[in-house]
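Encoded as structure tokens, the structure appears first; notes follow it.
The values are calculated or read from the model by the stated rules, or taken from the named source; none is laboratory data. These numbers were taken from a predicted model, which means no experiment stands behind them. Positions of Cβ are backbone-derived with ideal geometry, glycine not excepted, and every protein chain shown enters the neighbour counts. Surface areas here come from the heavy atoms of the whole protein model, side chains and all, with no ligands, DNA or RNA. Shrake-Rupley method; radii C 1.70, N 1.55, O 1.52, S 1.80 Å.
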Amino acid sequence: MAFHEIRFPANLSFGSVGGPERRTEIVALANGFEERNTPWAHSRRHYDAGVGLRSLDDVEALLAFFEARQGQLHGFRWKDWADYKSCPASRAVAYDDQVLGAGDGVRKAFQLQKTYSSGGVGYARPICKPVLGTVQVGVQGHHRAEAVDFSVDLETGVVRFEAAPPEGALVTAGFEFDVPVRFDTDRILVSVASFQAGDLPQVPVVEVRI
């Protein structure tokens with residue numbers, strides 16, 4: 001899959017509408033009970049890039065970005081302003097925000113992830129597109145230095161240690177991240193008159209699997 005490591009202009013994605021989608025298959029039984037199942041291990045996010053447009057300059061920037069991605073052909077990064085940090089929105093990123101796993105003395109690579117918890121149930125979302133310069137990592141409560149103790153692949157979200165964390169040592173991380181997406185259309189319809197009257201074009205964006 002073709003993917004461009006460039007972020008959709010953050011000022012245009014601000015104010016956009018979107019969020020996660022789940023797929024649930026429901027079978028109603030003869031006795032009135034239901035059987036529910038899902039073929040998706042992870043949710044998929046959808047957004048509307050047209051909502052953030054505020055001027056004709058914004059429209060021009062959107063069209064340039066759309067043309068450079070050749071419509072649906074190439075994926076790109078998207079900042080989800082409602083969910084882009086490893087911690088609550090009111091806090092600053094810290095190295096102990098999320099648990100990535102425990103060391104075994106051999107394993108050096110750990111995938112970044114964010115866990116969503118409610119009512120004693122949690123969902124671990126893999127993070128594949130961390131933002132440059134925001135990743136902090138800790139081992140057993142001690143901060144580790146990037147480029148000295150570890151490196152991070154910004155295209156996959158994999159943290160690789162120079163030396164494997166000791167057995168039982170808790171590996172944690174904090175970070176900002178983008179969502180890998182593509183345009184969900186090969187056509188954008190824009191009317192200057194309609195735009196000035198407040199009628200915004202619909203520009204659907206959908207998350208892609210990496």
Of (1) within 30 Å of residue 4 (Cβ to Cβ); (2) open to solvent by 20 Å² or more (accessible area, probe 1.4 Å); (3) not β-branched (Val, Ile, Thr); (4) not in a strand (DSSP E or B), residue 201 satisfies every one except (2)
Among the residues of the range 145-165, count how many are under 24 Å from the mean Cα position of the chain (by Cα) and either more than 16 Å from residue 134 (Cα to Cα) or of a type in the set (Val, Ile, Thr) (or both). 5
Residue that is free of Cβ contacts under 8 Å to residues at least 40 places away in the same chain, within 27 Å of residue 17 (Cβ to Cβ), exposed (fewer than 15 other Cβ atoms within 10 Å of the Cβ) and of a type in the set (A, V, I, L, M), where the choices are 124, 89: 89
Which residue pairs have Cβ atoms under 8 Å apart, sit 6 or more places apart or on different chains, and have a first residue in the range 52-70 that is over 16 Å from residue 187 (Cβ atoms) and a second that is of a type in the set (Asp, Glu) and open to solvent by 20 Å² or more (accessible area, probe 1.4 Å)? 52/58
Could you list, in sequence order, the residues of the range 35-50 that are out of contact with any Pro (no Cβ under 6 Å at 6 or more places or on another chain), touching a residue at least 60 places away in the same chain (Cβ under 8 Å), assigned to a loop (DSSP other than H, G, I, E, B) and open to solvent by less than 50 Å² (accessible area, probe 1.4 Å)? 49
Quick one: is residue 71 surrounded by 12 or more Cβ atoms within 10 Å (Cβ to Cβ) and among the small types (Gly, Ala, Ser)? yes
Out of 180, 165, which single residue is part of a loop (DSSP other than H, G, I, E, B) and crowded, with 18+ Cβ neighbours inside 10 Å? 165
Is at least one residue of the range 142-155 open to solvent by 50 Å² or more (accessible area, probe 1.4 Å), of a type in the set (Lys, Arg) and more than 29 Å from residue 76 (Cβ to Cβ)? yes
I'd like the full set of residues that are in contact with a His (Cβ under 9 Å, 6 or more places away or on another chain) and under 15 Å from residue 165 (Cβ atoms), limited to the range 132-148. 137
Let me spell it out: the conditions are (1) of a type in the set (Gly, Ala, Ser); (2) within 30 Å of residue 170 (Cα to Cα); (3) exposed (fewer than 15 other Cβ atoms within 10 Å of the Cβ), and residue 32 meets all of them except one. Which number is the exception? (2)
